[in-house]
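Accompanying notes for the structure given below.
The values are calculated or read from the model by the stated rules, or taken from the named source; none is laboratory data. This structure is a prediction, so every number in the text was calculated from the model and none was measured. With ideal geometry, Cβ positions are generated from the backbone for all residues, glycine too; neighbour counts draw on all protein chains shown.
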Amino acid sequence: MRILLSLIAIPLFAQLTPLTPEQRGDLYMARKMYREAIDTYRANAQNSAVMWDKIGIAYHQLGDLNAARKAYERAVKLDKKYADAINNVGTVFYAEKKYRSAISRYNQALRYAPDSASIYSNLGTAWYARGKIDLMVQAYTKALQLDPEVFEKNSMVGTRMMDRGVTDKARYHFEMARLYAGTGKNDLALQYLRKALEEGFKEKDKLDQAKEFALLRETQEYKDLMTREPRVL
């Protein structure tokens, strides 16, 4: 038995290899030890656009937007076509409510990553912040075509940040319900409708008039939702 265990253990230990500096930094990020991650990335960043982008994300998670933007911009200087870093500069502008600048960066990033659902998602969110609902729906529809689950994912995809903060959440969730209903995803449409009502959406006439809800209005789930007292979150 002792011999058998030793034979099993050898290949297991043989697979253990030291972590690279980037992997150590990633481990700190996973543990939300952002300052340790920054120190690890920075000590080994040199001329790596990816590492500087990750430094920016760590600062972003700490809420230091100025340091985050500087790190992202350094990544872009090292690689002018690095869509993730360009997108992330946009997320800083969005957080600062500089929506025009954010939209400009997202469009720039899409030139280098035209199949990125997360960047289209960010673009749509920025258009929503400017009150451009039609342009929001256009960008979100493209995002859903590229990745049907893009809006149900975490707000950070690898080296790319995603915006999730919006004002007027009731209206936002109503528009998301319309979007999902229009693509036949009734379960998600109902979830967002419920959120909209819970957050105080009162324009019931829009529910009756929205063509996207035509089939949804015939379901028992929709009827129950319309007659039930909204639960406060």
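How do the pairs read when you match residues in segment 101-120 that are acidic (Asp, Glu) with residues anywhere that are assigned to a helix (DSSP H, G or I), using Cβ under 6 Å and keeping only pairs 6 or more apart or on different chains?
Listed by first residue and then by second, the contacts come to 115/146.
Here are the criteria: (1) within 24 Å of residue 117 (Cβ to Cβ); (2) surrounded by 17 or more Cβ atoms within 10 Å (Cβ to Cβ); (3) not aliphatic (A, V, I, L, M). Tell me which single one residue 59 does not satisfy.
Just one mismatch for residue 59, condition (1).
Somewhere in segment 2-16, is a residue of a type in the set (Phe, Trp, Tyr) and at pLDDT 95 or above?
Within segment 2-16, not a single residue is of a type in the set (Phe, Trp, Tyr) and at pLDDT 95 or above.
Quick one: which residue in 124, 131 is closer than 24 Å to residue 195 by Cβ, outside any helix (DSSP H, G or I) and of a type in the set (Gly, Ala, Ser)?
Values: 124 fails: outside any helix (DSSP H, G or I).
That would be 131, the only listed residue that is closer than 24 Å to residue 195 by Cβ, outside any helix (DSSP H, G or I) and of a type in the set (Gly, Ala, Ser).
Among residues belonging to segment 174-233 that are of a type in the set (Asp, Glu) and not in a helix (DSSP H, G or I), point out the one that is nearest to the chain's Cα centre (by Cα).
My answer is 199.
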